[in-house]
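The values are calculated or read from the model by the stated rules, or taken from the named source; none is laboratory data. For clarity, every value in this text was computed on a predicted model and none was experimentally measured. Note that each Cβ is placed from the backbone with ideal geometry, even for glycine, and that neighbours are counted across all protein chains shown.
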Amino acid sequence: MKWRIAANGVALVVAISSVAYVAEEESVGAATQKFVANDAKSVLASIKVKNEYKWGYRRSLFAHWSDLDGNGCDTREEVLKRDSISKPQVDPYRCYVVAGDWYSKYDGKTLRDRSDVDIDHVVALKEAWDSGAWAWSRSQRQAFANDLTDRRTLIAVTDRVNASKSDKDPSNWMPPLKRYWCTYLGDWISVKARWGLSMDQSEYGRIKNLLASDCSTLTIASWSAAPALAGVPATSGTSATTATTTPRTTVAPSLSPTTTSNNSGTAAPTNTTAVANSTVNTTSPSGVKDIYPGSYCAPVDGLGTYKGTVYVCSKTNAEGSPYAGGRARWRKATN
């Protein structure tokens, strides 16, 4: 069946293949968003290709499952509520989802026990770190880890499937449900481009090949600016809208499996430079200061270099033992 929703003079047609719970305020919000379809290959070409940064990651560097909007619900509970395909039962006193039903798009399974549900960062936290988040502030990493401003960042999936994915990129992991591959690739490209994250050569090459072989008509909806990224360079490219003459599969945040909107907005950055012309960074990251090993340092988790080797400002040595006096020192970063 179809629902037609009007908001601020804009019509939105939502095709629903099965009955799903959607909060009223979420429906209105989605209707007022502006989406512009962009060719996935063009968006991919706008993403920088460089070697991953393999030093210093710890999950604790990304404060996750926070309550950034102060409404009493942490990010995990927010996604459990949002992604339930039935009206979730929520404990109002501590914002805890007591019951719900979740469809895992990675493997096509319907889950009825919240303990079987993981909230997956489509681009894993470690992958984000390796791709540029190492240079972000703590608040920027927290914003990424708890991003509810774009539905493509976080998704409720089967826990075992999420465990098999771990921090892998599409070069060595794709969802078991092959018919979801194009949507997954679109979400992956969107998150990387929106947050100004890079790709390594194998990741870029696999995605490029899959777009050519399996998802040649894939388009990606545009996005709002990523939160808390002021001062961080965005993905380079020229804004443009790619015109199409053939039907395309559009991947966008949606109220249901398919949405169509007559809105228009700013297109995603586009850069026609191919990976063959991209510069691969094989040196230490630019902007990292020179330091002297073993000296006192601040802030904790800051990065520096000495004779081409990367060091991290830490209160513990490489074995995890704290330094005397509790003061941080420069030590070699570990992979």
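Okay, here's what the table says:
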item	result
Positions within the stretch 155-205 being surrounded by fewer than 19 Cβ atoms within 10 Å (Cβ to Cβ) and of a type in the set (Ser, Thr, Tyr), in sequence order	Ser164, Ser166, Ser171, Tyr180, Ser202
Out of Val79, Val90, Val43, sole residue that is crowded, with 18+ Cβ neighbours inside 10 Å, free of Cβ contacts under 8 Å to residues at least 24 places away in the same chain and not assigned by TED's automatic domain parsing to the domain that holds Val300	Val90
Residue among Ala133, Ala156, Ala193, Ala124 that is of a type in the set (Gly, Ala, Ser), within 21 Å of Lys54 (Cβ to Cβ) and touching a residue at least 60 places away in the same chain (Cβ under 8 Å)	Ala133
Close pairs (7 angstrom Cβ cut-off, 6 or more residues apart or separate chains): within 17 Å of Leu303 (Cβ to Cβ) in the stretch 58-71, of a type outside the set (Phe, Trp, Tyr) and at pLDDT 90 or above anywhere	Leu61/Arg141; Phe62/Leu125; Phe62/Arg141; Phe62/Gln142; Phe62/Ala145
Checklist (1) at pLDDT below 95; (2) closer than 30 Å to Thr316 by Cβ; (3) not hydrophobic (A, V, I, L, M, F, W, C) applied to Asp91, failing item	(2)
From the options Gly294, Gly304, Gly326, residue that is within 21 Å of Asn51 (Cα to Cα) and not β-branched (Val, Ile, Thr)	Gly304
Scan of the stretch 293-320 for residues that are closer than 16 Å to Leu61 by Cβ, surrounded by 15 or more Cβ atoms within 10 Å (Cβ to Cβ) and of a type in the set (Val, Ile, Thr), ordered by number	Val310, Val312
Residue list for the stretch 54-72, filter: of a type in the set (Asp, Glu) and surrounded by fewer than 13 Cβ atoms within 10 Å (Cβ to Cβ)	Asp69
Qualifying residue in the stretch 167-189 (condition: closer than 29 Å to Ile85 by Cα, polar (S, T, N, Q) and modelled with pLDDT of 95 or more)	yes
